[in-house]
Structures are given as C-alpha cells and as structure tokens.
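Nothing in this text is a laboratory measurement; each read-out follows from the coordinates by a stated rule. These numbers come from a predicted model, not from an experiment. Note that each Cβ is placed from the backbone with ideal geometry, even for glycine, and that neighbours are counted across all protein chains shown.
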Amino acid sequence: MPRQAASEEETVMGQAAGEDLPVCFVHICGAVEKPGVYELSDGSRIYQAVELAGGFLPEADESGLNLAALVSDGMKIQILTREEAETASGQDGYALADGGKININTAGAEELMTLKGIGESRAREIIAYREKHGHFSKIEDIMQVPGIKDGAFQKIKDDITV
C-alpha cells in the first residue's frame with residue numbers, strides 16, 4: 001500500500017509552522033474508507049488516524065475502540081466490523097498489533113486490565129506514569145511503575161509490547 005502523508009495542518013497539530021516535530025507512521029486497516037500507512041505527529045490519537053483513513057465504514061464496530069488512545073510509531077490498527085468483533089473473544093473494536101500483545105504505550109485502562117495481575121488501580125498507575133514520564137522505550141521499563149517489580153513483570157512480559 002502506498003504511504004499517505006497527512007497535510008501540514010494535520011501533522012503540525014498546533015505547533016509553530018516550520019518547527020521539526022517527531023513523527024510516527026501508523027498502519028490502519030480493516031473497516032475504514034482508505035486503509036493505508038499514515039504519517040502523524042508524535043502524540044496523535046487513534047481518532048486522528050481514523051480521520052486520515054477517511055473514517056469508519058458503516059459496518060465498523062467503533063463501540064469498543066478507545067479513540068483517545070495515543071498512537072505509536074509502527075502501530076497497526078485493525079478496525080473490526082461488528083461481525084468480526086462478535087466472533088473475536090475478548091477483543092475491543094480493533095485488533096492489537098504484534099500477535100495480540102498489549103502496547104503499554106497506547107493501551108487504555110481496560111486493555112491494561114486484561115493483563116495478568118493488573119487491576120484497575122495498577123492500570124491507572126501505568127497510565128499516570130506514562131503521562132508524566134513519556135512512552136516506555138522497552139517493555140522492561142514498566143518496572144519503573146510503582147508496584148510493578150520483577151515478579152509482576154514476569155507474568156506480563158509475553159503479553160506486552162511497546
């Protein structure tokens with residue numbers, strides 16, 4: 001598929017014109033009008049990727065999709081149809097990249113709570129840590145979150161990605 005770049009207005013998102021911004025490339029596919037790879041500025045949200053892809057198809061299941069989640073470089077967002085979502089057990093309205101692993105840089109509380117040993121309060125702590133310190137560089141960085149030590153990490157390491 002050809003790479004489709006966002007317009008300058010969409011990429012800049014409130015920054016001064018001409019200022020170099022970090023960018024990320026996101027592959028969005030499934031039940032959207034124009035699937036493809038899109039360039040977004042770092043800090044963009046899933047709803048912006050959906051907008052660049054022309055919006056949802058009528059059969060898209062957008063009810064479980066966290067449109068406010070941050071995108072990350074190399075992320076694949078597969079928008080499921082309602083039929084696909086009904087048959088996909090335990091999935092939200094989109095499929096996660098990397099064989100169903102949870103991206104700890106973009107997952108919302110509900111996604112994080114699907115991990116072994118991660119409850120609501122721990123999920124909120126992960127999100128708060130991420131908001132304060134920025135994206136995790138590697139999965140081991142999650143052990144910087146208070147309460148997540150080696151034992152907890154060992155339980156989730158095969159189910160997470162960055």
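Worth pointing out:
- Eligible lysines near LYS149 by straight Cα distance, threshold 18 Å, same-chain separation 8 or greater: LYS116, LYS138, LYS157
- C-alpha center-to-center spacing [region 95-159, region 33-77] in angstrom: 21 Å
- Rounded to the nearest 20 debye, dipole of region 100-162 from Cβ charges on Lys, Arg, Asp, Glu: 100 debye
- Computed over neighbours whose Cβ is under 10 Å from that of LEU70, the net charge equals 0, Lys and Arg +1, Asp and Glu -1.
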